[in-house]
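One structure is given below, encoded as structure tokens.
A short reminder: the numbers here are calculations on the coordinates, not readings from a lab. Fair warning: this is a prediction, and the values are worked out from it, not measured in the lab. Backbone-built Cβ (ideal geometry, glycine too); neighbour counts: all protein chains shown.
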Amino acid sequence: MRRASAIAHPNLAFVKYWGKANSELNIPFNGSISMNLSSAKTVTTITFDEGYDQDHITIDGETLHHQAKAGLRISQHLDRLREIAHTSTFAQVITRNNFPMGTGFASSASGFAALTLAAASALGLELSKKQLSILARRGSGSACRSIPDGFAEWFAGHDNESSYAIEIAPVGHWDIIDIAVVVSNKAKLVSSSLGHELAQNSPFWAARSQIVSGRLARVRAAIEKRDFSAFGHEIESEALELHAIAMTSSYNLEASWQSGIFYWEPSTLHLLKLVQEWRATGLEVYFTLDAGPTVHIICRQQQEIEVLQRISGFASDLNWNMVVSKPASGSRIISDTDLEAETKN
Ligand code: DP6
């Protein structure tokens, strides 16, 4: 019996991964930049045991059927690690998220990062951070950015070995925070995996491909210099460009044609306009969004109370959940004692 536990945080992209050059390998069309989020985490324990005749997977107390899509995706990922370790032993996987899945935190990012690290450790594989990032990417593209600490950049690369993420600034580098405002708990109609595939249907796809390399350089430089205004301008435009692409990526849903994907809810737009208004009156805050209705408000640590008060003042009768995160470390192995403490939290 070989067992290990790992913890990973989801990450929030400031320059987005949207569109794949190779869907089988999760090689993106463009590089991306992100920050690990301290308040959200996934803890995974894996046990390889000769006694199992298939993988047993439990996420947040729910056992996945090994033939169900999510179960298969995890088993296929374990196959990649088993192949490297030259073993065919099945495993039990127990995963816990401290945040609801499908509500604006990338559970697949922290999920596949924690799974990759725990499985590699349980199988006795000594892999570098680069190798772990490459492997995590195979499970879910954005997971490669949850392996390194703090702020990460994923190099798009051109093949399996050249597409991975590295740390570009450590956890303590900058005092920015993310206030995630979860405006809806509805599951999204179109998964991000499908959104990636449809992105090229947008007539604006070609324009985005031209913009994104300059943006990567500007966001990287703004993080390095801790230039919040330059950073904010870039990330807000970036988020809107992703959604402009999504909203103009036409597709067929069960034989009915749709002109594009709307990840937003009405409250999403309401909040985006509020952030713009607050900024016009001197409070320097910016927004970003992933493929969902959750609005991530980015500000400096000293503005946290003010921003929280403004959101609460506006949303006092709405059922919005707010989650504040600082930059967090990357994926790490945890001991049984730490696991017990994590499970109690
Ligand atoms: C909008 O990593 O979830 O969050 O590789 O198909 O698993 P797969 O996609 P995924 O896509 C995340 C897209 C995004 C932007 C980002 O995180 O960069």
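For segment 203-275, which trypsin sites (Lys or Arg not before Pro) are in a loop by DSSP, counting at most 16 other Cβ atoms within 10 Å? Working shown, then result.
Numbers: sites: Arg208, Arg215, Arg218, Arg220, Lys225, Arg226, Lys273; in loops: Arg226.
When the trypsin sites (Lys or Arg not before Pro) of segment 203-275 are filtered for loop state and at most 16 Cβ neighbours within 10 Å, Arg226 remain.
Counting only GluC sites (Glu not before Pro) that sit in a DSSP loop (anything but H, G, I, E, B) with at most 16 other Cβ atoms within 10 Å, what is the longest stretch of the chain containing none of them? Could you put the intermediate results ahead of the total?
Values: sites that count: Glu24, Glu50, Glu126, Glu254, Glu284.
Value returned for the longest uninterrupted segment is 127-253.
Arrange the following residues from fewest to most other Cβ atoms within 10 Å of their Cβ: Ile147, Ile166.
Values: Ile147 32, Ile166 16.
The most exposed by this proxy come first: Ile166, Ile147.
Where does the chain land at 222 nm, in deg cm²/dmol rounded to the nearest 500, when only DSSP H runs of n ≥ 4 count, each adding -39500 (n - 2.57), divided by all residues? The partial results should precede the final answer.
Working: 9 runs with 128 residues, N = 345.
The per-residue figure over the chain is -12000 deg cm²/dmol.
Compute the FRET efficiency between Ser237 and Lys344 as 1/(1 + (r/R0)^6), taking r as their Cβ-Cβ distance and R0 = 51 Å, and round to the nearest 0.05. Each step should come with its number before you reach the end.
Details: r = 42 Å, r/R0 = 0.83.
Computed FRET efficiency for Ser237 and Lys344: 0.75.
What's the local net charge at Met322, with K and R +1, D and E -1, over the other residues with C-beta under 14 Å away? Present the calculation step by step, with values, prior to reporting the outcome.
Numbers: positive: Arg310; negative: Asp178, Glu304, Glu306.
Local net charge: -2.
Under unit Cβ charges (Lys, Arg +1; Asp, Glu -1), what dipole magnitude, rounded to 20 debye, does the chain have relative to its Cα centre?
On the way: 30 positive and 36 negative charges, 86 e Å.
That gives the chain a dipole magnitude of about 420 debye.
Quick one: dipole size for segment 114-222, taken about the Cα centre, charges +1 on Lys/Arg Cβ and -1 on Asp/Glu Cβ, in debye to the nearest 20. Could the numbers behind the result be given before it?
On the way: 11 positive and 9 negative charges, 69 e Å.
Using only the charged Cβ atoms, the result is roughly 340 debye.
Over the chain, calculate the relative contact order: mean separation of alpha carbon pairs under 8 Å at least 6 apart, over the residue count, as a percent.
Details: 727 pairs, mean separation 84.1, N = 345.
So the answer I get is 24 percent.
Using θ = phi - 60° and the Karplus relation 6.51 cos²θ - 1.76 cosθ + 1.60, list the HN-Hα couplings for segment 217-222 in order, rounded to whole Hz, with x at every Gly or Pro.
Values per residue, Gly and Pro as x: 5, 6, 5, 4, 5, 5 Hz.
Which one, Gln131, Ile245, Ile261, projects farthest toward the positive side of the charge dipole computed for the chain from Cβ point charges (K/R +1, D/E -1)?
Ile245
Can you tell me what share of the DSSP beta bridges in the chain is antiparallel? A percent to the nearest 5 is fine. Show your work: numbers first, answer last.
On the way: 53 of 57 bridges.
Of those bridges, close to 95 percent are antiparallel.
Here are some pairs, Lys20/Lys344; Lys225/Lys344; Lys20/Lys130; Lys188/Lys225; which of them have Cα atoms lying more than 31 Å apart in this structure? Intermediate values should be presented prior to the final figure.
Numbers: Lys20/Lys344 39 Å; Lys225/Lys344 39 Å; Lys20/Lys130 20 Å; Lys188/Lys225 36 Å.
Check vs 31 Å cut-off fails for Lys20/Lys344; Lys225/Lys344; Lys188/Lys225.
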